[in-house]
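Below: the structure, in structure tokens.
The values are calculated or read from the model by the stated rules, or taken from the named source; none is laboratory data. Just so it is clear, the structure is predicted and the values come from calculations on it, not from any experiment. Cβ placement follows ideal geometry from the backbone for every residue including glycine, while neighbour counts extend to all protein chains displayed. Keep in mind that these areas ignore ligands, DNA and RNA; they rest on the heavy atoms of the full protein, side chains included. Shrake-Rupley method; radii C 1.70, N 1.55, O 1.52, S 1.80 Å.
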Amino acid sequence: MKKLLAGSALALCAMTGSAFAAGHSVSACLITKTDTNPFFVKMREGATAKAEELGIELKTFAGKFDGDHETQVQAIETCILDGAKGILLTASDTSSITSSVQQARDAGLLVIALDTPLSPADAADATFATDNYLAGLLIGQWAKAQMGDEAANAKIGLLNINVSQPTVGVLRNQGFLEGFGVELGDPNKWGDETDPRIVGHDVSNGDAQGGRTGMENLLATDPGINVVYTINEPAAAGAYEALKALGREDEVLIVSVDGGCPGVQNVADGVIGATSQQYPLLMASLGIEAIKTWAEDGSKPAPTEGKDFFDTGVGLVTDKPVDGIESISVERGLELCWG
């Protein structure tokens, strides 16, 4: 087993939980994209447990669906009115949310982006996240190594999250392409690459049905696709079903990001070749600690040395390790997984 690569959630889809006790003087909010994705469920668990440990009142909010920007705006307004000391936010629209974030900061709240950097990143006071570019880079390098000489003849389909191109999706996508050896265009967006190996980009909404539909669209462009990048593991599962319907599930290499328990199990079962695992519970618990510190002495969290965010780590999970690329076993990935 190789070592883990580490770098050191009104018209709301409602309050999904709270940790409260009479007499709390510090309150915080967690605003996630949804309350159904296991990644955000685990994030909420981490925030709730840490809030209870530290005696912080926590209110949690979530969008009705991935991309529900307006609900997140309303949640921020509620947190400001409630006198919260800080907000942990996974933004659905990383650019449009910044004006609401600035209102919160102007009101004295500490705003920490979790997992998904804002655009620009410094619109938040801090970001606690996986190095999403590295997550993509690792699966790109692994896929290229697995294909060997045939990587030069690859037909690549990419399943992103949505057309708004949130930063997390761009980072993963562009990291994957660089890792695979594709020359990038503007690294701040996907879709402008000119490498003839790219069949196309489509979207998945980060779920299985969207992944299946997006994969069907890509296969309609070129049924010979043999490498598939997906924004997350639910999308990968959907892509696999589309390929299976054509009898091609054993002919296509699928890679993904997240490291949830169903996704890691899909690595074990051969649905996904490799996935980059991230750690949402850690992100959220560290975020709650940072809000408490801000409330106590006004200090903000510092980024990881050499980066503009606090890196909560990433590990490549596969049962087919390759020389020169750090990875962890499926067994270890299942120990560390979430959901």
State which residue is farthest from Gly206 (Cα to Cα) when the search covers only segment 52-64 and only residues that are aliphatic (A, V, I, L, M) and crowded, with 24+ Cβ neighbours inside 10 Å.
-> Ile56
Can you pull out the residues in segment 195-211 that are polar (S, T, N, Q) and outside any loop (DSSP other than H, G, I, E, B)?
-> Gln209
Among the residues listed as Glu233, Glu216, the single one being surrounded by fewer than 24 Cβ atoms within 10 Å (Cβ to Cβ) and not hydroxyl-bearing (Ser, Thr, Tyr) | Glu216
Long-range neighbours under 6 Å by Cβ, at least six apart or interchain, first residue outside any loop (DSSP other than H, G, I, E, B) within segment 290-315, second open to solvent by less than 30 Å² (accessible area, probe 1.4 Å) and of a type in the set (Phe, Trp, Tyr) = Phe310/Phe128
Restricting attention to segment 146-194, and to residues there that are open to solvent by 50 Å² or more (accessible area, probe 1.4 Å) and part of a helix (DSSP H, G or I), which single residue is nearest to Asn217 (Cα to Cα)?
-> Asn153
Given (1) part of a helix (DSSP H, G or I); (2) polar (S, T, N, Q); (3) open to solvent by 50 Å² or more (accessible area, probe 1.4 Å), index of the condition Ser25 fails = (1)
Quick check: anything in segment 266-282 assigned to a helix (DSSP H, G or I), out of contact with any Cys (no Cβ under 8 Å at 6 or more places or on another chain) and closer than 21 Å to Leu159 by Cα?
-> yes
Would you be able to say whether some residue in segment 179-195 is under 14 Å from the mean Cα position of the chain (by Cα) and β-branched (Val, Ile, Thr)?
-> no
Would you be able to tell me the number of residues in segment 275-312 that are open to solvent by 20 Å² or more (accessible area, probe 1.4 Å) and under 20 Å from Phe39 (Cα atoms)?
-> 7
Top-ranked residue in segment 94-118 [being assigned to a loop (DSSP other than H, G, I, E, B) and over 15 Å from the mean Cα position of the chain (by Cα); ranked as farthest from Thr312 (Cα to Cα)] | Ala107
Considering every residue within segment 123-136, establish whether at least one is over 13 Å from the mean Cα position of the chain (by Cα), surrounded by fewer than 24 Cβ atoms within 10 Å (Cβ to Cβ) and part of a loop (DSSP other than H, G, I, E, B).
-> yes
When segment 204-213 is checked residue by residue, the ones that are of a type outside the set (Asp, Glu), within 19 Å of Lys33 (Cβ to Cβ) and open to solvent by 40 Å² or more (accessible area, probe 1.4 Å) are Asn205, Ala208, Gln209
Is it the case that segment 65-82 has a residue that's under 24 Å from Val168 (Cα atoms), surrounded by fewer than 16 Cβ atoms within 10 Å (Cβ to Cβ) and at pLDDT below 95?
-> yes
Scan segment 219-230 for residues that are open to solvent by 40 Å² or more (accessible area, probe 1.4 Å), within 14 Å of Asp202 (Cβ to Cβ) and not polar (S, T, N, Q) and jot them down.
-> Ala220
Note on segment 318-339: residues open to solvent by 60 Å² or more (accessible area, probe 1.4 Å) and in contact with a helix residue (DSSP H, G or I) (Cβ under 6 Å, 6 or more places away or on another chain) are Asp319, Leu334, Gly339
One residue from Gly315, Gly263 being closer than 15 Å to Gly339 by Cα, open to solvent by less than 10 Å² (accessible area, probe 1.4 Å), modelled with pLDDT of 95 or more and touching a helix residue (DSSP H, G or I) at 6+ places or on another chain (Cβ under 8 Å) = Gly263
Among what's in segment 221-246 and is under 23 Å from Pro38 (Cβ atoms) and small (Gly, Ala, Ser), pick the residue that is farthest from the chain's Cα centre (by Cα).
-> Ala242
Would you confirm whether any residue within segment 242-260 is out of contact with any helix residue (DSSP H, G or I) (no Cβ under 9 Å at 6 or more places or on another chain), more than 23 Å from Asn205 (Cα to Cα), crowded, with 16+ Cβ neighbours inside 10 Å and among the small types (Gly, Ala, Ser)?
-> no
